[in-house]
Amino acid sequence: MKVIWSPSALREVIRIYDYLTDFNPKAAAEVFTALMEAGNNLRDFPHRGRPVRNSDKREIVTSYPYIIRYRVNRDGTSVSCAFGIPPAAQRTPKNPIPSPEGRHQWVRHLQRHL
């Protein structure tokens with residue numbers, strides 16, 4: 001089975017990596033690796049994610065708070081991956097954490113969960 005990442009999903013993973021690198025390059029690399037491995041491992045276990053209600057998609061929660069939504073193609077030969085972050089969890093320059101202390105708390109939270 002082949003895993004196909006959407007261009008927007010890859011851009012999002014890179015954006016997360018770039019953002020985290022400013023605070024902790026090691027954590028950024030670990031999150032990036034975890035996200036890519038989670039998506040790429042779907043080639044071996046394509047149905048491991050939970051079904052998304054009222055949809056033909058499935059999703060896996062990877063490194064908190066990131067979610068990979070995907071669809072196993074009907075012919076069973078490929079998995080198409082999209083990527084998402086729940087809106088309440090988005091903490092990027094587009095939706096910044098209001099204070100430097102808030103950023104440090106978020107990075108510490110990520111470090112504890114890696």
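Overview of values
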item: Out of 79, 52, sole residue that is in contact with a helix residue (DSSP H, G or I) (Cβ under 9 Å, 6 or more places away or on another chain) and β-branched (Val, Ile, Thr); result: 79
item: Residues being modelled with pLDDT of 80 or more and not in a loop (DSSP other than H, G, I, E, B) - total across segment 62-94; result: 8
item: Residue in segment 9-23 that is more than 10 Å from the chain's Cα centre (by Cα) and of a type in the set (Asp, Glu) present; result: yes
item: Residue check for residue 22: among the charged types (D, E, K, R), over 13 Å from residue 66 (Cβ atoms) and either surrounded by 13 or more Cβ atoms within 10 Å (Cβ to Cβ) or free of Cβ contacts under 8 Å to residues at least 24 places away in the same chain (or both); result: yes
item: Matching residues, segment 35-54, being surrounded by 12 or more Cβ atoms within 10 Å (Cβ to Cβ), touching a Lys or Arg at 6+ places or on another chain (Cβ under 9 Å), outside any loop (DSSP other than H, G, I, E, B) and not basic (Lys, Arg); result: 41, 42
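Residue by residue, here is whether (1) surrounded by fewer than 18 Cβ atoms within 10 Å (Cβ to Cβ); (2) at pLDDT 90 or above; (3) of a type in the set (Asp, Glu); (4) not in a helix (DSSP H, G or I) holds:
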{"residue": "8", "(1), (2), (3), (4)": "yes, no, no, no"}
{"residue": "11", "(1), (2), (3), (4)": "yes, no, no, no"}
{"residue": "14", "(1), (2), (3), (4)": "yes, no, no, no"}
{"residue": "26", "(1), (2), (3), (4)": "yes, yes, no, no"}
{"residue": "30", "(1), (2), (3), (4)": "yes, yes, yes, no"}
{"residue": "33", "(1), (2), (3), (4)": "yes, yes, no, no"}
{"residue": "56", "(1), (2), (3), (4)": "yes, no, yes, yes"}
{"residue": "60", "(1), (2), (3), (4)": "no, no, no, yes"}
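The values are calculated or read from the model by the stated rules, or taken from the named source; none is laboratory data. These numbers were taken from a predicted model, which means no experiment stands behind them. Virtual Cβ from ideal backbone geometry, glycine too; neighbours counted across all protein chains shown.
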